[in-house]
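The values are calculated or read from the model by the stated rules, or taken from the named source; none is laboratory data. Only a predicted model underlies this, so the values are computations on that prediction, with no experimental measurement involved. Here the Cβ positions follow ideal geometry from the backbone for every residue, glycine too, while neighbour counts run over all protein chains shown. Surface areas here come from the heavy atoms of the whole protein model, side chains and all, with no ligands, DNA or RNA. Shrake-Rupley method; radii C 1.70, N 1.55, O 1.52, S 1.80 Å.
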Amino acid sequence: MEGTELVVNTSSISGTPFGISTNVELTIYSRYNLKTNSADFKINNIFANAESNWASSYFDGHLILTDTEQKQFVLLQAKGQLIQSRPARAGDMYSRLVGYDNGLAYTLVWANDKVKLIEEDMKTS
């Protein structure tokens, strides 16, 4: 919840026998206005490959999104304005945003049975 908005972000679950639904619009992130009961903002995506996956993480007005089909990792402001993008790396699917300040994104990443705090320069592009 942020003020009068419900913030919802999603991630795909890999490992199912059928993968994700392809060629249909999937909601990745949305902001619902609780006064009007409608979505004020959405990020949708259509994936062509059932083996594709996405992960998103939202924290304090910022969203990170990893898309394996596009091989992209993006940092966005709450209403979708791009802050920075870069090619996705292996650990990005398991990262969780825990802060963004002065162009630095802070994520927790699970790797080798440990959690690491990663600081990454993600200044506005």
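Quick notes on this one:
- Among the residues of region 86-125, those that are farther than 19 Å from SER12 by Cβ and polar (S, T, N, Q) comprise ASN102, ASN112, THR124, SER125.
- Taking region 84-125 as the range and being in contact (Cβ under 8 Å) with a residue 40 or more places away in the chain, outside any loop (DSSP other than H, G, I, E, B) and over 24 Å from GLY3 (Cβ atoms) as the test, the residues that pass are GLN84, SER85, MET93, SER95, THR107.
- Test: residue in region 21-33 that is in contact with a helix residue (DSSP H, G or I) (Cβ under 8 Å, 6 or more places away or on another chain) and under 24 Å from LEU108 (Cβ atoms): no
- Every test in (1) more than 13 Å from the chain's Cα centre (by Cα); (2) surrounded by 13 or more Cβ atoms within 10 Å (Cβ to Cβ); (3) assigned to a strand (DSSP E or B) is passed by GLY19 save one, and that test is (3).
- Remark: pairs (first residue in region 19-32, in contact (Cβ under 8 Å) with a residue 24 or more places away in the chain and under 16 Å from GLY80 (Cα atoms); second residue among the basic types (Lys, Arg) and open to solvent by 50 Å² or more (accessible area, probe 1.4 Å); Cβ separation under 8 Å; 6+ apart in sequence or on different chains) = TYR29/LYS42; ARG31/LYS42; ARG31/LYS79.
- Residue match in region 68-75 (condition: open to solvent by 20 Å² or more (accessible area, probe 1.4 Å), closer than 26 Å to GLY3 by Cα and of a type in the set (A, V, I, L, M, F, W, C)): yes
- Elements of the type strands (runs of 3 or more DSSP E) sitting completely within region 31-83 and holding at least 1 residues that are of a type in the set (Lys, Arg): these cover 38-46.
- Residue that is surrounded by the fewest Cβ atoms within 10 Å (Cβ to Cβ) [pool: residues in region 7-16 that are outside any strand (DSSP E or B) and among the polar types (S, T, N, Q)]: THR16
- Subset tally (residues that are of a type in the set (Gly, Ala, Ser) and open to solvent by 30 Å² or more (accessible area, probe 1.4 Å)) for region 76-90: 3
- A single member of THR4, THR36 is open to solvent by 80 Å² or more (accessible area, probe 1.4 Å), free of Cβ contacts under 8 Å to residues at least 60 places away in the same chain and either hydroxyl-bearing (Ser, Thr, Tyr) or in contact with a helix residue (DSSP H, G or I) (Cβ under 9 Å, 6 or more places away or on another chain) (or both), and it is THR36.
- Taken over region 91-112, residues that are surrounded by fewer than 19 Cβ atoms within 10 Å (Cβ to Cβ), over 18 Å from GLN70 (Cβ atoms), touching a strand residue (DSSP E or B) at 6+ places or on another chain (Cβ under 9 Å) and not hydroxyl-bearing (Ser, Thr, Tyr) amount to 8.
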